1. For residues that are closer than 7 Å to PRO200 by Cβ and in a loop (DSSP other than H, G, I, E, B), scanning just region 236-251, find the one that is least open to solvent (accessible area, probe 1.4 Å).
2. From (1) closer than 21 Å to PHE128 by Cα; (2) free of Cβ contacts under 8 Å to residues at least 40 places away in the same chain; (3) over 18 Å from the mean Cα position of the chain (by Cα), pick out the condition that doesn't hold for GLU237.
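The values are calculated or read from the model by the stated rules, or taken from the named source; none is laboratory data. Predicted model only: the values in this text are computed from it and were never measured. All Cβ positions, glycine included, derive from the backbone under ideal geometry; neighbour counts span all protein chains shown. Note: accessible area is taken over every heavy atom of the protein model, side chains too, but ligands, DNA and RNA are not part of it. Shrake-Rupley method; radii C 1.70, N 1.55, O 1.52, S 1.80 Å.
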Amino acid sequence: MSSKVERARAQSIAAALGVVHKLLGNLAEKPGEAKFRRIRRTNPKIRAVLDAAPGSERLLLAAGFECDATGEFLDFAAEAGESKLAEALGAVSAGLAQLADGSIPLVAPEVRNTLVFRLAEGVSASSFDVPDDFYEIGPAEAKALLASTAAKQKDELTFRTRAQREADTASRQRTYVRALLRIRLPDGILLQGTFGAREPVSAVYDFVAGSLREQGLEFHLTRPTGTAEKGRSLRLESFTETISAAGLAPASVLNFNLAEGGGGGGAPFLEPELMDAALQLE
C-alpha cells in the first residue's frame, strides 16, 4: 500500500474515531441528557463515520447502545453500566493514540469484552458460541466451514503440503475478522477476551498481563497439545504475527504457563475485580 493511500486511510479512520470519541465522551460527561443517549444512524455525518472505520458501530454497541426496531436509531440502553461505556471510550482513545504515533490500525480498535469463567464439571473450555459478526462471509457458511475443519483437522494435517497450509492460512485471514480467545490458567480459571483477527499476538500477551493480580509476572502462552499444525510450535512466540495467521481465529483456547524460575504467588492469578465477576461456564 502506498504511503499516500496509507495517509489518506489514517486520516479517514482518525476522523471517524474522533467522532465516536466525542459521542461517547459527551454521554460519559452528561449521561442524563437525552440528546446524547440517541444516535441517528442515517445522519450523513454518522453514516460516514460508520463506513470509514469498520467496527465503529460495534464500538457503540459495546458501549451500551442498541439498535431500535426501525434500524434508524442507536439508543443507549437504560441498563447499560458505566463500565461498558468506559471500556469502549478507552478503546477509542487507544486507537487515536496509535494513529498519533504513526501506527495505523487496520480496523477500529476492539473492545475486549472481558469475561472470567469457572468451568462446571464435564464442560469443555472449547465450547464456544461464536457470534455471527466474527465472519466476513455468511454466518451459516462460515460456521459450517468451522465445524467441518474442526472434524477433519487432525487427520488432514499429516498429509497437507506446505503450500496447502499456507493457502489455508490465507483463507482464514480473508474469512475471519474477529477472534474469541480463552486463556486457561493453572488454577482452572478461564480468562476470555475479544480480538481483531488482524491484531498481533502481542495484543493477547498484553491483555493477559494486564489482567494478572501480580503485575510483571513472566509467562508464555501455548496452544493445547495436538492442536498446532505440523511444523508450528505449540508456544506462541511470534509476537508480530496476526491472530488470524497464527490460526487462532475465530475461537481458540490457550494455556497460560509461568516462566521457569519466574516466581509468582500462585492462585488466584487474576486481579480481584475480575475474580469477583467470575461466571460459571455450563
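1. Selected residue: GLU241.
2. With (1) closer than 21 Å to PHE128 by Cα; (2) free of Cβ contacts under 8 Å to residues at least 40 places away in the same chain; (3) over 18 Å from the mean Cα position of the chain (by Cα) applied to GLU237, the lone miss is (1).
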